[in-house]
1. Can you go through A:Lys232, A:Lys257 and tell me which one is modelled with pLDDT of 95 or more and charged (D, E, K, R)?
2. Is it the case that B:Val310 is among the aliphatic types (A, V, I, L, M) and under 11 Å from the mean Cα position of the chain (by Cα)?
3. What are the residues in the range B:317-335 that are surrounded by 16 or more Cβ atoms within 10 Å (Cβ to Cβ) and at the interface with chain A (Cβ under 8 Å from one of its Cβ atoms), if any?
4. Give the residues of the range A:328-351 that are polar (S, T, N, Q) and either touching a Pro at 6+ places or on another chain (Cβ under 8 Å) or buried (at least 20 other Cβ atoms within 10 Å of the Cβ) (or both), sorted by residue number.
5. For the range B:202-232, give me each residue that is within 35 Å of the chain's Cα centre (by Cα) and farther than 15 Å from B:Lys264 by Cα.
6. Which residue is surrounded by the fewest Cβ atoms within 10 Å (Cβ to Cβ), if the candidates are limited to the range B:79-98 and must be within 23 Å of A:Tyr69 (Cα to Cα) and free of Cβ contacts under 8 Å to residues at least 24 places away in the same chain?
7. Of all residues in the range A:32-54, count the ones that are in a loop (DSSP other than H, G, I, E, B) and either more than 7 Å from chain B (Cβ to nearest Cβ) or over 24 Å from the mean Cα position of the chain (by Cα) (or both).
Amino acid sequence: MDAQTSPAPAGARAHKVRSSFVSQDIESYPLRFTGSGGEYFRVWIVNVLLSIVTLGLYTPWARRRTAQYFYGQTLVAGSPLEFTAQQRRMVMGFVLLMLITLAYNIAANTGQDTAVGLLLLAGAVLSPYIWASAMRFRLGATRWRGLRLQFTASWKEVYTASWPVFALALVWFGVFYGMQMLSPELAQVLESAGEEGAKPAPPRFTPAMGGLLALGLVLTVLCIIRLEYNYKGLLVLRAQVGAERGRWKPVYMDFVKVWLATLLVFVLTLIVFALAAALLVGGTSALLPQLKQMGLFIVLLILFAAVFGLLLIVAATAPARAYREARMFRLVWDNVGVSQVARFKCHLRPGAYVWLRIKNMLLTLVTLGLYRPFARVSEYRMKLESVTLHVKGSVDQVAGVLVKQQQGGLGDALADAVGLDLIG
Amino acid sequence: MTHAPPPQTSGPPSPVDAVELALPGHGRRPPSREAREGGSRAAAQGDVPFLQARWFDGLSSKPRPVLVGLRATPQGPSLVLHPLSQPGAEPAVFTCRQVGWPEAWNERRPQPRVVVDLRDHGSVEIDAVAEWRAALAAAGERPGIAQRMQTRWPVLLGVLAAAAIGLTLFYRYGTPWAATQLARFVPLQWETSVAENVLAQMDHGTLKPSELPKVRQAQLKARFDALAQQAPPDLQRYAGYHPVLTLEFRKGMGANAFALPGGKVVMTDGIVLAAAEKGLPDDALVGVLAHEIGHVVYRHSTRMVVEQGVLNMGLGLALGDVSGIVSTGASVLTGLAYSRSHEREADCYAIALMRRAALPTAPMGRLLLAIAHDEDEKEKKEKQQGGSKAEPHPVWSLLSSHPDTVRRAQELEQGHAPHCS
């Protein structure tokens, strides 16, 4: 075992630091992941098989196993994390979620527009609640050195932090009415849309309308960034390990900069794709005379092109998405800490992460998804091991506050539905 | 104030704690008084091996040195915790159900450190993972199916085989059966309203009003109504399901006929003209209509909705984590298999109904062959180079929504098919 993994002797220094007035030495603990792709493949294939045998009902157990595997192999200052969610709660949340989905599907398929509208509206209004309960569940189920993490934000704080959601609705309300003011023809089109057979001339598109639309889009993006900033900040500031609270340093402009850089990466990817496509089309047009004789294969080719086009959209956005994820990860983990006791440093290289993601995506595609567990482990490892924990004093000094086992579980299942991953 | 003092040990921690903790996780500890006591107690209870561990009580991040022992009980292993820092303290015993037992991920290469969940009493960190596993096995651990699959290849392969067989059986027989049963609860009004919507959409898009003369339409409608009258009650799968069967004509979509849920059957001009071109009697068209009535009576559209719902949800949950391509592919292929089985059922119905009406099914078979032949010709013309007749590759038959036309036509000509009961 190497020097990194023996923090247990750190306890030897427990008596040293009892007050923050003493000049303290700072200890560094790089975070470590001790699992492997092959091992997780086994965990994953067991989950997949049991899900198949139980027709999907195994999902909550599978989620728990996955979380326990990743947490148990994650060493923070030498101590593994623990995932301690109650299985019963997770199953209940899952069943409830399935029932809601079923109700929604039945309502949608039988054309009950009122019920569908009500369900969607409830979902929108409750989304901050769902997010917060998911975070409460996730932190509450995490334990380190016997101490439970906690998310202590009140519902008022959560809804206050969610103001960009409601601003977003206002922006689009404004754009919608502004458009109608600027172009009376558009209003007519909208009015006659409900009537059968009426097909008036399409409205002219004026520069003013374009400007309004662009303004709406910019404001939308700014709102989304603000929401992300608010939520991430709230999560860190209201997270607690024992009695120690989280510390948060990033400012809104940091987030905007990450998004601007992401936009640049996206544009660059598009240019590369366009060049590649131009070369490819040049190549195939030379083959065209031969293709004409192939008849039926043309149809297949078109079908293939359609599927390929869909993949292309995913592929074109992948580098930008990976880049944003890496930059955001570094920004957050380089600028947070635990009260005055500890702080994190992150040296994740976005370029390396983007390449890893592209490589993983290709291998997953080629293996029809069988490479996915290896991909997940390699990405998790790269992100986690880029983080170093610097502790002022010793890791033994954090005192706990009595926390009962968390109640939620529904939050987890709902979080699953809205795409918040437990790992990552 | 950045931290509260640990509640148990107020005052400066004893240097003994520090020394004990400073020892590496493995290895024998020096025989301290507590350890000797614990050891003798263990010996009295049947030589339970003790493992050094760190106990976090949930109140502070400061570990306390403990010895962990496992005892076999009828309910499974129970955990005994001997605190070493408090001389003379009673060992704490946790029954099997009070402990969250960590799963073993890898028997050959155990993780460097394992954490045992003691619920509200905190957690215990153990470095000697291999010894821990051995002690658990000795104490009569009963691993769950997931863990047995995780650590034993034969179990994994066994479940793999069971999953393959089970999945095949479920989607081959289970889902169609469930769909047949569930369709009983779907009201007729729902079917007719769906059919109206669908037809309205198609009228906007691919379909145009029929250009057949009114007389011809009336002629065929009369034959259709007569046929519908003769629909035998013993072929009725859904008791009390009496949709109003009506025939409509449209132009477009080539030579075709289709049934909508709730009793509406649509015939295109193309198929009527194709029959006339080949000089086939109207019995051919009546046979096609009988086939479509079969779809209506067996409620195939409604069953397909249920089947697709089960497919998408079930396969999405089961295979969604593998990849979207695999789960969608599986769902599409199975959906096509259901569609082919519906076609066969409708063929059987047509054969039975035509026999009841004392009409021949052979003309219908010839019509199907002729239409398929025409389509082949068209393809060949596009290909320019004919040559060998394309044999349908087995893979293509998987990708088809209808069974092989030649075999269908043969069965119809003979007026009986092996798969019809």
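The values are calculated or read from the model by the stated rules, or taken from the named source; none is laboratory data. Worth saying up front: this structure is predicted, and the values here are computed from it rather than measured. Here Cβ is always computed from backbone atoms with ideal geometry, including for glycine, and neighbour counts include all displayed protein chains.
1. Matching residue, one of A:Lys232, A:Lys257: A:Lys257.
2. Yes, satisfied.
3. Passing the criteria: B:Leu317, B:Ala318, B:Leu319, B:Asp321, B:Val322, B:Ser323, B:Val326.
4. Answer for the range A:328-351, where residues must be polar (S, T, N, Q) and either touching a Pro at 6+ places or on another chain (Cβ under 8 Å) or buried (at least 20 other Cβ atoms within 10 Å of the Cβ) (or both): just A:Asn335.
5. Those that are within 35 Å of the chain's Cα centre (by Cα) and farther than 15 Å from B:Lys264 by Cα: B:Gly205, B:Thr206.
6. B:Arg97
7. 3
Yes or no, residue by residue, for (1) in contact with a helix residue (DSSP H, G or I) (Cβ under 6 Å, 6 or more places away or on another chain); (2) within 24 Å of B:Ile371 (Cβ to Cβ); (3) within 14 Å of chain A (Cβ to nearest Cβ):
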site	(1), (2), (3)
B:Leu289	yes, yes, no
B:Arg299	yes, no, no
B:Glu307	yes, no, yes
B:Ala337	no, yes, no
